[in-house]
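The values are calculated or read from the model by the stated rules, or taken from the named source; none is laboratory data. In this text, all values refer to a predicted model and were calculated from it rather than measured experimentally. Cβ atoms come from the backbone with ideal geometry, glycine included; neighbour counts cover every protein chain shown. For the accessible areas, the whole protein counts, side chains as well, though only heavy atoms, and no ligand, DNA or RNA atoms are used. Shrake-Rupley method; radii C 1.70, N 1.55, O 1.52, S 1.80 Å.
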Amino acid sequence: MGLAVIVPIAYLVVRATEQGWSVVVETVWRVRTAELVGRSIVLAVTVMALSLVVGVGAAWLVSRTDLPGRQLWRVVLALPLAMPSYVAAWAWIGFRPGLAGFGGAVLVLTTISYPYVYIPVLSALSGADPALEEVARSLGRSRAEVFVTVTLRQIRIAAIGGALLVGLYTVSEFGAVSIMRYETLTKAIYASYRSSFDRTPAAILGCVLVVVTLLPLAMAVRTSSRASVARVGGGSARRMVPVRLGAWRVPAVLGVVAVVGASLGVPAWNLVRWSERGRSTIDWGELVGAAWSTFGVAAAAAAITVAVAIPLGILSARHPGRLADSITTVAYAGHALPGVVVALSLVFFGIRFAAPAYQETPLLVFAYLVLFLTLAIGAVHHSVARVSPVLDDVARSLGRTQAGAWRSVTLRLALPGIGSAAALVFIAAAKELPATLLLRPIGMDTLATRLWSHTDAASYAAAAPYAVALVLVSAVPTAVLTAARLDR
């Protein structure tokens, strides 16, 4: 598994330095490179901050207040997870053509990224003891003081972890920033690779992008290692008394409606509008073929990634230690690698050393494995960790072998989490764009690549059916995944 992550990085470094370090230094110290790094970091920090505000605020409203229809809003607010960033960007550009630029990129990325904060914070609030907040209130603290001193302390790890994921996602984003015509490192790497016979500048910029992702990665590992939210026992069920919004009820409802409208309403309306315009020109054979290819590669990526993740997740859950921590860190590094960087390194590697596999499905699935393995390991780890080892011991005392006890007890109880891991990888692979563009087999198009080719040519009506199909392909596993996570 370590080789799966190390090989792309190592070969990218080799490819970047093969013309000498003087070329590397010259490229890195260009004003243009510094400008691209600055623009990428500013975008990431802005989206992280806004996602924190939206995600934490929405989670608090649906879990701690008497917001009307809060049970419905709990699920609806998580659904933007199914919306690919480039679909949302395409929809907003069709709705407001003048929105392109930094503001448009921030709007799109925030509306589809805040669920990375919202879902873990909602889960943390649902599992937190409301008695602590009630005690603080009984001691004379105001609602605002209770929120800052008690509530935020209980959810800070979940909120920070979600925000760091948003930062990693934003730094590596390609589709939305390209459609919004906002220059970042990721977009420059793709343009350099496509427009020049000399691919060395693309490799050098890829290494720069890896370095940029190390900051949020280091923060994520540091936060995870310092996290301490353990409780002795599961606690007792306690009914929470909702905070009465009073005069703030209408503004709260309008705020939630605005978030849902921006993240789901505008994209859905434009999908319907452009689909209606392009209905007469739909090539159904091409659409079905792209949908089938998307389902095939995403399902293969989910199956292989989960198969690799199961033993690694069990190792980290059942045998914590230096080995398990090292494996988790390496997997996290793979998730931090932008798709364009992984794809670029595998392109170089495939051309030089694995020509038969270049632009074939196995290499594309391997890229998905590198990019999304940590998502599967995390889901498997949490599902196995929730199963007490005592149950395995009981099964073995009744005559089961160790393997038999694991199959009949741990695996059965962990199956929902393993299913969530498969759904998460399937969604991510189906939506992934830059690696798919660079590594897909000749003659094979996915919904993402067909959508990209039409939006790149500003053919919005022709792109609409592919956007609708892509959202539908992602929607079912997203709904299952959301329900499973919010019920925990």
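Computed from phi, the 3J(HN,Hα) profile of the range 107-124 under the Karplus parametrisation 6.51, -1.76, 1.60 (θ = phi - 60°) reads 4, 5, 5, 5, 5, 9, 9, 4, x, 5, 8, 4, 5, x, 5, 4, 5, 5 Hz, with x in place of Gly and Pro. Each Lys and Arg adds +1 at its Cβ and each Asp and Glu adds -1 at its Cβ; summed about the Cα centre, the range 1-66 shows a dipole of about 40 debye.
Between A299 and S459, what is 0.36 nm times their sequence separation minus the Cα-Cα distance? Round to one decimal in nm.
Values: separation 160, 0.36 × 160 = 57.60 nm, distance 2.90 nm.
That works out to 54.7 nm of additional length.
Length gained on full extension, D66 to L472: 143.0 nm, using 0.36 nm per residue less the C-alpha separation.
If you plug the beta carbon distance of V253 and V53 into 1/(1 + (r/R0)^6) with R0 = 22 Å, you get a FRET efficiency near 0.80. On the beta carbon distance between R277 and L245, with R0 = 30 Å, the FRET formula returns roughly 0.10.
Amide H to amide H distances under 5 Å link V243 with T65, D66, where only residues 5 or more positions off or on other chains count and H is placed in the peptide plane. Sorting V14, V272 on solvent-accessible area from highest to lowest, probe radius 1.4 Å, gives V272, V14.
In the range 16-130, taking the dipole from charged Cβ atoms about the Cα centre, the farthest positive-side position among G69, A105, W21 is held by G69. For R96 and E35, FRET efficiency with R0 = 25 Å and r from the beta-carbon atoms, rounded to 0.05? Efficiency, from the Cβ-Cβ distance: 0.45. Across the range 417-425, computed HN-Hα scalar couplings (Karplus, 6.51 cos²θ - 1.76 cosθ + 1.60, θ = phi - 60°) run x, 5, x, 5, 4, 4, 5, 5, 5 Hz from first to last residue, x flagging Gly and Pro.
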